[in-house]
1. Across the range 74-89, what is the number of residues that are of a type outside the set (Phe, Trp, Tyr) and within 18 Å of HIS59 (Cβ to Cβ)?
2. All but one of (1) outside any loop (DSSP other than H, G, I, E, B); (2) over 18 Å from ILE173 (Cα atoms); (3) among the β-branched types (Val, Ile, Thr) hold for THR112; state the number of the condition that does not hold.
3. From ASP237, ASP205, grab the single residue that is assigned to a helix (DSSP H, G or I), farther than 26 Å from PHE79 by Cα and modelled with pLDDT under 95.
4. ALA36 - would you say it is surrounded by fewer than 22 Cβ atoms within 10 Å (Cβ to Cβ), over 21 Å from LEU211 (Cα atoms), modelled with pLDDT of 95 or more and aliphatic (A, V, I, L, M)?
5. Would you be able to tell me the number of residues in the range 142-159 that are under 18 Å from the mean Cα position of the chain (by Cα) and not aromatic (Phe, Trp, Tyr)?
6. Tell me which of these ALA98 doesn't satisfy, since it passes every other one: (1) open to solvent by 10 Å² or more (accessible area, probe 1.4 Å); (2) farther than 28 Å from HIS179 by Cβ; (3) touching a residue at least 40 places away in the same chain (Cβ under 8 Å); (4) touching a helix residue (DSSP H, G or I) at 6+ places or on another chain (Cβ under 7 Å).
7. One residue is enough: does the range 85-100 have a residue meeting the conditions of a type in the set (A, V, I, L, M) and within 19 Å of the chain's Cα centre (by Cα)?
8. For residues that are free of Cβ contacts under 8 Å to residues at least 40 places away in the same chain and in contact with a helix residue (DSSP H, G or I) (Cβ under 8 Å, 6 or more places away or on another chain), scanning just the range 185-214, find the one that is surrounded by the most Cβ atoms within 10 Å (Cβ to Cβ).
Amino acid sequence: MKALLGTHDLLFVTLDTLRFDVAAQLLAGGRTPNLAKVLPGGQWQRRHTPASFTYAAHHAFFGGFLPTPAGPGPHPRPFAARFPGSTTVGEDTWEFDAADVVSGLRAEGYHTICIGGVGFFAMTSPQGSVLPGLFDEAHWAPEFGVTAPGCFEAQLRRLAAVQPAAGPLFTFINVAALHQPNRHYLDGAAEDSVASHGAALEYVDRHIPELLHLATGRGRPCHVIVCSDHGTAYGEDGHVGHRLAHEVVWTVPYAECTLEAGAW
């Protein structure tokens, strides 16, 4: 990432609560064709999240600790806050002298935008204002949230309205569609399930081209990171939800790619 700084826009998308097993199954079944076009090698990376729920995971992400590859490490990180003793800084790691990557990018001349999704980005409480408060501008509305079936489309409309025409840009989007409740994405479903979780991902995939068109339509190449912050349980070993230690919660999909200007 160090070599891209300043010349590329940056887009960071968290597909909140997306499970790795569901993402991989839908990809293999051809049910997420738009994501398949941008995933390197046509595959999600299997990674471990640093935390089991949104608030903690995003604090780690913005501090430079993205989901870690599931195989033995150490694994160099794309970006990292500079501190003594770090063992995961490599030749390509961009180190910043700030507490979080948003502040670090601002110091490098980037304008920073947050388009929130779940409640930790809603700015309706002091806690829900902490993460969006890192950004130059932050946006949230009820139609971006977990109960809105058209949440991702609403977020994209807002991004199109506020995206500046020029200059280095860091855009962060937290997509709420995968989070419970997601039964509204599966016809006839009376409760949330792995199947409705998958249907929610199909909904998001249908609108990925619009997101990437916005990201690459400013005349600048764009480096993209897409991942989940944590998974969630639908009855596995008696567990429901997240903020707990289970394979379906800790294992998440991750992808990183660079898109040329105008590619979408």
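1. 7
2. Result: THR112 passes all but (2).
3. The match here is ASP237.
4. So ALA36 fails the test.
5. 11
6. Single failed check for ALA98: (3).
7. no
8. So, considering only residues that are free of Cβ contacts under 8 Å to residues at least 40 places away in the same chain and in contact with a helix residue (DSSP H, G or I) (Cβ under 8 Å, 6 or more places away or on another chain), the one surrounded by the most Cβ atoms within 10 Å (Cβ to Cβ) is ALA200.
The values are calculated or read from the model by the stated rules, or taken from the named source; none is laboratory data. Because the structure is predicted, anything quoted here is derived from the model rather than measured. A quick note on method: Cβ atoms are made from the backbone with ideal geometry, for glycine too, and the neighbour counts reach across all protein chains shown. The area values use the complete protein model at the heavy-atom level, side chains included, leaving out ligands, DNA and RNA. Shrake-Rupley method; radii C 1.70, N 1.55, O 1.52, S 1.80 Å.
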